[in-house]
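What follows is a short report on a single structure.
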Amino acid sequence: MIRIVRSTVIDAPTDQVWAVLRDFNGFDRWHPAVARSAIERGQGSDQLGCVRRLVLRDGSEVRERLLTLSNLEQTFSYCLLETPIPLFNYVAHVRLAPVTDGDRTFWEWRGSFSTRKGEEAEMTRLVGEDIFEAGFAAVRARLAATSGLEGRA
Amino acid sequence: MARVYVSSVINGRSDRVWARVRDFNGLPSWHPGIAESRIENSEPADKIGCVRDFRLRNGDRIREKLLGLSDFDLFCTYAILESPMGVENYVATLRLTPITDGDRTFAEWTAEFDCAPEREAELVASIGNGVFQGGFDALKRQFGGESR
């Protein structure tokens, strides 16, 4: 089992970051790897057990199930059901916590999975960099752009 | 039950920050509000259940018991046994979490306690801003300014 943890600090209150992250059907609006997103069977994206079908920028499709979601703790977790790449038993957890010193957000993203022998390094890089760190950068840029607009208004 | 939550970012690796704060008898070495400390009955400072008897710079004396300490999860939990603060059932936890982006440390300090209702706001402010944030400010100075 490979475990990956990435964490960062976003220069915005947790409520603003959570508003972006909590929509399990909204990753296509901010994550650079995701082109389209839809929830299957017409369920709400905050329905535990709902399944999202993501079309990635490279054209591949993945299905992921929402396992937990807490507005109080500002956490959610999900698992991969189907993917064209060798990520097996993939479970990921997202957690936000307030940095009261400066009204910022601590954001932690963890994932665990197994893969085929010989592909550990590539899958570790893909999850840690292309999914987690790229997600951090996209949300940081998005919130910076939003606050910039408010600053000019 | 009153609750205090204060968190900050320290510009140092979590193992280095932990090395500074894990010593239950070491408050005077990093917290500016603490003048001196000793562990009662000559027990080791990482023996769960040991009691620290320390003195603040303002002269107040506090006795606290170590309830939990983890070098793996980087947290320390303790309870107040005796203090002039007028709190009961006071339990606090100091917890560190690595920030992989920049090798920094996310530090959280929480407390829960009972007190007279009219004193709650003042106690929450003095513990949160004074003791907890005061400690974090000292760590931020000791580990260098945060690069933002």
Query raised in the report: Of everything in the range A:1-28 that's within 14 Å of another protein chain (Cβ to nearest Cβ) and more than 11 Å from A:P98 (Cα to Cα), which residue is surrounded by the fewest Cβ atoms within 10 Å (Cβ to Cβ)?
Result: A:R3
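Could you list, in sequence order, the residues of the range A:1-36 that are of a type in the set (A, V, I, L, M) and either without any contact (Cβ under 8 Å) to a residue 12 or more places away in the chain or more than 18 Å from A:S60 (Cα to Cα) (or both)?
Listed by number, the residues that qualify are A:M1, A:I2, A:I4, A:V5, A:V9, A:I10, A:A12, A:V17, A:A19, A:V20, A:L21.
The rows are residues; the columns are (1) of a type in the set (V, I, T); (2) outside any helix (DSSP H, G or I); (3) surrounded by fewer than 18 Cβ atoms within 10 Å (Cβ to Cβ); (4) away from chain B (no Cβ under 14 Å).
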{"position": "A:F76", "(1), (2), (3), (4)": "no, yes, no, yes"}
{"position": "A:Y90", "(1), (2), (3), (4)": "no, yes, no, yes"}
{"position": "A:A138", "(1), (2), (3), (4)": "no, no, no, no"}
{"position": "A:L143", "(1), (2), (3), (4)": "no, no, no, yes"}
{"position": "A:T146", "(1), (2), (3), (4)": "yes, no, yes, yes"}
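Yes/no per residue for (1) within 14 Å of chain A (Cβ to nearest Cβ); (2) assigned to a helix (DSSP H, G or I); (3) within 23 Å of A:V9 (Cβ to Cβ); (4) free of Cβ contacts under 8 Å to residues at least 40 places away in the same chain:
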residue	(1), (2), (3), (4)
B:P32	no, no, no, no
B:S37	no, no, no, yes
B:D53	no, no, no, yes
B:N58	no, no, no, yes
B:D73	yes, no, yes, yes
B:A79	no, no, no, yes
B:G86	no, no, no, yes
B:T93	yes, no, yes, yes
B:L96	yes, no, yes, no
**Report entry** When residues of the range B:111-146 are limited to those that are within 11 Å of chain A (Cβ to nearest Cβ) and either among the polar types (S, T, N, Q) or outside any helix (DSSP H, G or I) (or both), the one surrounded by the most Cβ atoms within 10 Å (Cβ to Cβ)
**Finding:** B:Q133
Query raised in the report: Of the numbered conditions (1) surrounded by fewer than 19 Cβ atoms within 10 Å (Cβ to Cβ); (2) within 13 Å of the chain's Cα centre (by Cα), A:S70 satisfies every one except a single condition; which is it?
Result: (2)
Report summary line: Reported set for the range A:37-52 where residues are free of Cβ contacts under 8 Å to residues at least 24 places away in the same chain and either under 14 Å from the mean Cα position of the chain (by Cα) or closer than 18 Å to A:H93 by Cα (or both) is A:S37, A:S45, A:Q47, A:L48, A:G49
Requested in this report: Give the residues of the range A:92-110 that are at the interface with another protein chain (Cβ under 10 Å from one of its Cβ atoms) and not hydroxyl-bearing (S, T, Y), sorted by residue number.
Outcome: A:R95, A:A97, A:P98, A:V99, A:D101, A:G102, A:R104, A:F106, A:W107, A:E108, A:W109
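Read-outs: derived from the displayed coordinates by stated rules, not from any lab. Computed from a predicted structure; not experimentally measured. Because the Cβ atoms are built from the backbone with ideal geometry, glycine has one as well, and the counts that use them run over all protein chains shown.
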